[in-house]
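The values are calculated or read from the model by the stated rules, or taken from the named source; none is laboratory data. It should be emphasised that the depicted structure is a prediction, and the values quoted were computed from it without experimental measurement. So basically every Cβ, Gly included, is an ideal-geometry build from the backbone, and we count neighbours across all protein chains shown. In case anyone asks, the SASA skips ligands and DNA or RNA and just uses the protein heavy atoms, side chains included. Shrake-Rupley method; radii C 1.70, N 1.55, O 1.52, S 1.80 Å.
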Amino acid sequence: MAHRVTGVLIFFFLFVHVLDTALVRVSPEAYDDTVAIYKTPLVNLMEYGLVAAILFHALNGLRVIAVDFWSKGAKYQKQMLWTVMGVWIVLMAGAFYPVLQHTLRTLFGS
């Protein structure tokens with residue numbers, strides 16, 4: 001279920017990204033306004049959520065491939081899920097400051 005949800009979220013991000021990038025040809029001023037909105041702390045938190053979705057989707061996709069193509073995949077799918085979750089948590093912890101540093105500096109100062 002989570003794999004499908006993250007896939008849909010990533011799809012909508014890509015859709016919005018294509019639309020906002022297309023603004024540069026239609027109205028450079030509107031594009032600049034949109035980019036200014038993207039520099040807000042709320043959007044930065046959403047970017048961290050996007051990183052979380054992409055990372056989980058990628059790691060879980062590898063697990064799904066292993067379950068489908070490895071003869072023992074079905075037997076070990078629960079252990080692989082816990083491994084995916086562990087790796088995801090470690091990588092998300094490592095991505096916390098690099099992704100959110102702008103927001104943290106804005107909210108709490110340099």
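The table for this structure:
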read-out: Counted residues, region 82-110 - those being over 17 Å from the mean Cα position of the chain (by Cα), open to solvent by less than 100 Å² (accessible area, probe 1.4 Å) and within 23 Å of Arg4 (Cβ to Cβ); value: 1
read-out: Close pairs from region 38-50: first among the aliphatic types (A, V, I, L, M), partner surrounded by fewer than 16 Cβ atoms within 10 Å (Cβ to Cβ), Cβ under 7 Å, at least 6 apart; value: Val43/Ile37
read-out: Pairs, first under 11 Å from Leu55 (Cα atoms) in region 85-101, second surrounded by 14 or more Cβ atoms within 10 Å (Cβ to Cβ), C-beta under 7 Å, six or more apart; value: Val87/Leu59; Trp88/Leu55; Trp88/Phe56; Trp88/Leu59; Leu91/Leu55; Met92/Ala52; Met92/Leu55; Ala95/Val51
read-out: Qualifying residue in region 71-81 (condition: open to solvent by less than 60 Å² (accessible area, probe 1.4 Å) and either under 15 Å from His3 (Cα atoms) or in contact with a strand residue (DSSP E or B) (Cβ under 7 Å, 6 or more places away or on another chain) (or both)); value: yes
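One line per residue, one yes/no per condition, for (1) surrounded by 11 or more Cβ atoms within 10 Å (Cβ to Cβ); (2) out of contact with any Leu (no Cβ under 8 Å at 6 or more places or on another chain):
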{"position": "Phe11", "(1), (2)": "no, yes"}
{"position": "Asn44", "(1), (2)": "yes, no"}
{"position": "Ile54", "(1), (2)": "yes, yes"}
{"position": "Ala66", "(1), (2)": "yes, yes"}
